[in-house]
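What follows is one structure encoded as structure tokens, with my remarks underneath.
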Amino acid sequence: MYGPGETDDLYQVLGVGRDASAADIKKAYRQLVRKYHPDANPGNKEAEEHFKKINHAYEILGDSQKRAQYDQFGTVGDMAGGSPFDGFGGDVGDIFGDIFESVFSGMGGRRRANPNAPRRGADLEMEAEVTLLEAAAGASKEFQIPRWEGCSECGGTGAKAGTSPETCSYCRGSGQVEAKQQTPFGQFVTVNTCPKCGGAGRIIKEKCPACGGAGRVRKTRKVEVKIPAGVDTGTRLRISGEGEAGVNGGTSGDLFLVVSVAEHPDFKRDGADLHSRLVLPFPQAALGCTVSVPVLNGEPEKLSVPAGTQPGKVFTIRGKGMPRLRGPRGTGDLHVHVTVDVPKKLTEKQRALLEELAREMKVEVEDSGVFSKFFRNLFD
Ligand SMILES: [Zn+2]
Ligand SMILES: [Zn+2]
């Protein structure tokens, strides 16, 4: 298992000089083991790797014969055979007893579940854009969902029709193999993915041509989804069983649609309330009027605008906002914000009338046009 030539300098690994005594090496080794032990560094891959290197270095430098061989050739050829405790004194048990236990539980203890057990398909998450009106009224929408589905050709087994997968003889269906390794601590057992079946636990001799042996195929599926009234951007809708297909007969995952409500040109949303703009020509704002106000979902509402309405005035029309999905039942309100329109172009008559109004109100205006001159001449 050790390649020709060591990649690391074993003395450097243990942090000792080439002239270190056997006692120094053992002492350095003990310190490093406590520092880099996997239990002291859970989940730290680097520490785990270094821990292996330390063990490997001590395996050689802690043994006078192997150390001599390493000193001479830079490598130790035959590592097989011999008791794992060769080179240790009688204190092995007391010093390392605790470590033994954790090494075994830590490195040999993690086993994967049976690879052929049914597994639930993954959940899918997609964005679902709806219009503001759809969000207000609720809708039934069709979405194209790309996902993995069980292959109907082979029934999900991945084997060509008429054949069936065989249990892997190398791992006997478990999908993993144990590798035993002798070290000064004793035997390490590492569990690896079976190289023959790649962890599947079974071997497909003749693959299903439809899915290439995967048992699942990529399909785009149309899913009809009910969008409840009141959804807002960020609302998550769960559609049970419309996620990825399960494996080995497991159930399908769920589909989550994350709603995104598109902007509306006339209505701005604020929770359950809506805001819109009402543009009133100056005479209507000044004299008062009854106007027809569009609402998002339904017939326009009659709104009575009193005389002298100012720009920025907000009229509230109760119950014409968005329905509430959660919390208190009912519907929000529509807030109508008034702006007063100032005409950009005037006919001559309009201009004359406005100029007359200006004089009546005793406000000075830019003078232009024939009529103003005429009137001024008349009154001055
Ligand atoms: Zn196998
Ligand atoms: Zn198939």
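Quick look at the numbers
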read-out: For the stretch 144-226, convex hull of alpha carbons as volume per residue, Å³; value: 133
read-out: Average projection area in nm² (convex hull over Cα atoms of the stretch 10-79, one quarter of hull surface); value: 4.6
read-out: Filtered trypsin sites (Lys or Arg not before Pro), the stretch 12-59: DSSP coil and at most 14 other beta carbons within 10 Å; value: 18
read-out: Accessible surface ranking that places the most exposed of 365, 130 first, with a 1.4 angstrom probe; value: 365, 130
read-out: Separation between Cα centres of the stretch 292-362 and the stretch 199-270, rounded to whole Å; value: 45
read-out: Ratio Rg/Rh [Cα only; Rh per Kirkwood] for the stretch 268-341; value: 1.03
read-out: Gain on full stretching of the segment that runs from residue 72 to residue 266 - 0.36 nm per residue minus C-alpha separation; value: 61.2 nm
read-out: Nearest-0.05 FRET efficiency for residue 289 and residue 349, computed from C-beta distance (R0 25 Å); value: 0.75
read-out: Full-stretch length increase - residue 144, residue 219 - with 0.36 nm per residue and alpha-carbon distance subtracted; value: 26.0 nm
read-out: Segment residue 153-residue 12, length gained on full extension (0.36 nm per residue, minus Cα span); value: 44.8 nm
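The values are calculated or read from the model by the stated rules, or taken from the named source; none is laboratory data. Remember, predicted model here, so these are calculated numbers, not experimental data. Glycine also receives a Cβ, built like all others from the backbone with ideal geometry; neighbour counts cover every protein chain displayed. Ligands, DNA and RNA are stripped out before the accessible areas are found, and what is left, the full protein with its side chains, is counted by its heavy atoms. Shrake-Rupley method; radii C 1.70, N 1.55, O 1.52, S 1.80 Å.
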